[in-house]
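Below you'll find the structure, written out as structure tokens, and then a few comments.
No lab work stands behind these numbers, since they all come straight from the coordinates. Note that the structure is a prediction, hence the values are computed from the model and not measured. Quick reminder, even Gly has a Cβ in these numbers, built from the backbone with ideal geometry, and neighbours come from all protein chains shown.
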Amino acid sequence: MKKERKLREVIALLKDEYGEHHYTARVDPLDILVETILSQNTTDKNSSRAFNNLKKKFPKWEILLKTDPRAIQKAIRSGGLPGIKARRIKHVLQDIKRRRGKLELDFLKGMPADEAMEFLQSIKGIGPKTASVLLIFRFNKPMMPLDTHNLRVAKRLGIIPAGMSPEKAHELMNRMVPDEEKKSLHMNFILHGRKICTARNPKCNLCVLNRLCDYYRNLR
């Protein structure tokens, strides 16, 4: 089966299973950016706790810019890798202010999606996943983020080659997935990855996608 046809069937089956998603966040884009950085290499529960601690300690991001990184590390310790993430968050915010003259990202709303992606990824510490999360969930731009669940499900299905890097996978999926399906497919891959296509002991016999899945076919 060609990948394009398989992808269309996957999109339809996951919509039947989990529904469609049209959520757009109505919060400060910088909040989404920082929270996404904190979500790297940890659970949603831990990253949310770290973000809430950080906002309680620094209710305005301008305050954080003047703060010793050790205080930032202490606030986000529950999210894991506090040293790396504290430096990354501070550098990203500093770079935005240096380039724009102020600490805000609302200007991205008026930019084409590819230009907004280019701007964000030119900042050290922002990769395609982080940039895409911000653009699709805050500015409703057609960029599909690929987190660990998205990558795992897509690779097991055979839509993405097993050895492909996250960066190349992001480019491939954003070419293949229709713009109007990107948000729902991203969310449904997450839901499916948590519930059925787990990293360990996936529940293949219960999976609505198993007849399309390379991983399942190789198990039999």
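Couple of notes before you dig in:
- Whole-Hz ³J(HN,Hα) from phi, Karplus 6.51 cos²θ - 1.76 cosθ + 1.60, for the range 185-197, glycine and proline x: 5, 4, 5, 6, 4, 4, 4, 5, x, 6, 8, 10, 8
- Ordering of 114-120, 129-135 by burial proxy (mean other Cβ atoms within 10 Å per residue, highest first): 129-135, 114-120
- Relative to the longest principal axis of the Cα atoms of the chain, the long axis of helix 128-138 makes an angle of roughly 80 degrees.
- Residue-span extension gain [Arg98 to Glu118] - 0.36 nm each, minus C-alpha spacing: 5.5 nm
- Of Lys124/Lys155; Lys141/Lys168; Lys6/Lys182; Lys45/Lys168, those spanning more than 22 Å from alpha-carbon to alpha-carbon: Lys124/Lys155; Lys45/Lys168
- Calculated SAXS-style log₁₀ I(q)/I(0) at q = 0.11, 0.20, 0.22 Å⁻¹ - the range 74-210, Debye, Cα scatterers: -0.48, -1.22, -1.32
- Stretching His91 away from Arg8 to a fully extended chain increases their span by 25.9 nm, per 0.36 nm per residue minus the current alpha-carbon distance.
- By the rule of a C-alpha distance below 19 Å, with chain neighbours fewer than 8 residues away ignored, the aspartates and glutamates paired with Lys97 are Asp28, Asp31, Glu35, Glu62, Asp68, Asp106, Glu115, Glu118.
- Karplus-derived HN-Hα couplings along the range 2-17 (A = 6.51, B = -1.76, C = 1.60, θ = phi - 60°), whole Hz, x at Gly and Pro: 5, 4, 5, 5, 4, 4, 4, 5, 4, 4, 5, 5, 5, 5, 4, 7
- For the range 29-138, the alpha carbon positions stretch 37, 28, 20 Å along the principal axes, listed from largest to smallest.
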